[in-house]
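For reference, the structure discussed in these notes is given below.
The numbers here are math on the coordinates, done by the rules we state, and not lab data. If you're wondering where the values come from, they're calculated on a predicted model, not measured in any experiment. Ideal geometry is used to build each Cβ from the backbone, glycine not excepted, and the neighbour counts take in all protein chains shown.
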Amino acid sequence: MTEAAPLFDSLADGPEGGRAVWLRTSDGVRIRLGYWPGGTLGTVVLLPGRTEYIEKYGPAAREMHRRGWSMVTLDWRGQGLSPRALPDPMLGHVEHFTDYQRDLDAVLSWIAAEGAELGVSGPLMQMSHSMGGLIGLRALTRGLPFRATAFSAPMWGIRIPVWGKPLAGLMQRLPLALPQDRGYAPSTSAQSYILRTSFEKNHLTGDAPTWSWLRRQLETEPGLRLGGPSLGWLRDALRECARMTRIPAPALPSLVALGSREHIVLPGPILRRMRAWQGGRLDLYPGARHEVPMETPEHRARFYDSAHDLFSAALG
């Protein structure tokens, strides 16, 4: 059996029965996995975005549990309570973007080995947000056992300021492992976006209670905080976006939720991919910002209902 890990239940606000465990990846990294069991239809594997952590998705687990699904999610290496890669714990860094696939593989191995007896079993569906959408797309091209996938604002292209575009192009062509890779990417710092930004100026959600709840999580548990990405993370993320544009969409039912006020990821690559995704659907959310599943109650209900309908249809 795996070792128990902490789960901040009062912060997560998820359904009853949530637990967390430590997993070890194939390259020896310890990551934290969280799960809410008891769904009768199957299990949703949720892939979070950059800076995110298990507790942020307690409400998502509650929404899907109410619709009949168990949920599993994780702290990617270098964020949440999973160990940080560099001495500066606020610096988001990964050596290679494809290392995240090792984290996901560890999650799926745990489900196969222990999930059934813990109430986390049945057909697997994928749900993802932002960076998790890029990781999730790569996972689907590897033939992992998901029957359908629901994306929220997938990071298939990264918004770069106009002044930084020449630099971004140059970074992708440079060799790997530069000393600068382990410093903050331009215009970022050790400060958490949620704690340094006012609700009025934030690009994540237009729902004030949700924004206050997110701030309260980080104020209560400072260990969950993460600042800007490293230059190395940014370079390899840009490379991964470029690599994935050359790979056809998998033959899998899918939907993408995208807000009309999206200012974090690039909508263009999303629109282009979904036009070519047979069995895929693009849902536009008027007035919504980056985090559609954490938007106003109307947007949230629409997103989780749409995901449930997609997943239920995939059950056959």
Placed amide H near LEU47: partners under 5 Å, 5+ positions off or other chain = MET127, SER128, HIS129
Within the chain, helix-based [θ] at 222 nm, where runs of 4 or more DSSP H residues each add -39,500 (n - 2.57), nearest 500 | -10000 deg cm²/dmol
Rounded to the nearest Å, what's the spacing between the alpha carbon centres of the stretch 262-316 and the stretch 112-138? Just the number, please.
-> 18
What full-extension length gain, to one decimal in nm, is calculated for ALA190 and ALA276 as 0.36 nm per residue of separation minus the Cα-Cα distance?
-> 27.1 nm
In whole Hz, the Karplus estimates of ³J(HN,Hα) for the stretch 304-316 (6.51, -1.76, 1.60; θ = phi - 60°; x where Gly or Pro) are 6, 5, 5, 5, 4, 4, 4, 5, 5, 5, 5, 5, x
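Loop by DSSP (not H, G, I, E, B), at most 11 other beta-carbon atoms within 10 Å: where is the longest site-free stretch of the chain for GluC sites (Glu not before Pro)?
Working: sites that count: GLU3, GLU16.
It works out to 17-316.
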Residues with amide H under 5 Å of TYR285's amide H, sequence separation 5 or more or different chain, H placed in the peptide plane at 1.01 Å from N; which?
-> LEU258, GLY259, SER260
Spelling it out for GLY42: with amide H atoms placed in the peptide plane at 1.01 Å from N, the residues 5 or more places away or on another chain with amide H under 5 Å from its amide H are SER70
Fewest first, what order do THR205, THR25, THR73 take by the number of other Cβ atoms within 10 Å?
-> THR25, THR205, THR73
Give a residue-ordered list of calculated ³J(HN,Hα) values for the stretch 290-295 (Karplus: 6.51 cos²θ - 1.76 cosθ + 1.60, θ = phi - 60°; whole Hz; x for Gly, Pro).
-> 5, 9, 4, x, 10, 8
Using θ = phi - 60° and Karplus 6.51 cos²θ - 1.76 cosθ + 1.60, couplings along the stretch 96-106 (whole Hz; Gly, Pro as x) = 9, 4, 5, 4, 4, 5, 5, 5, 5, 4, 5
How big is the Kirkwood radius of the chain, worked out from every pair of different alpha carbons and given in Å to one decimal?
-> 19.5
For LEU124, the net charge from surrounding residues (Cβ-Cβ under 15 Å; K, R +1; D, E -1) works out to 0
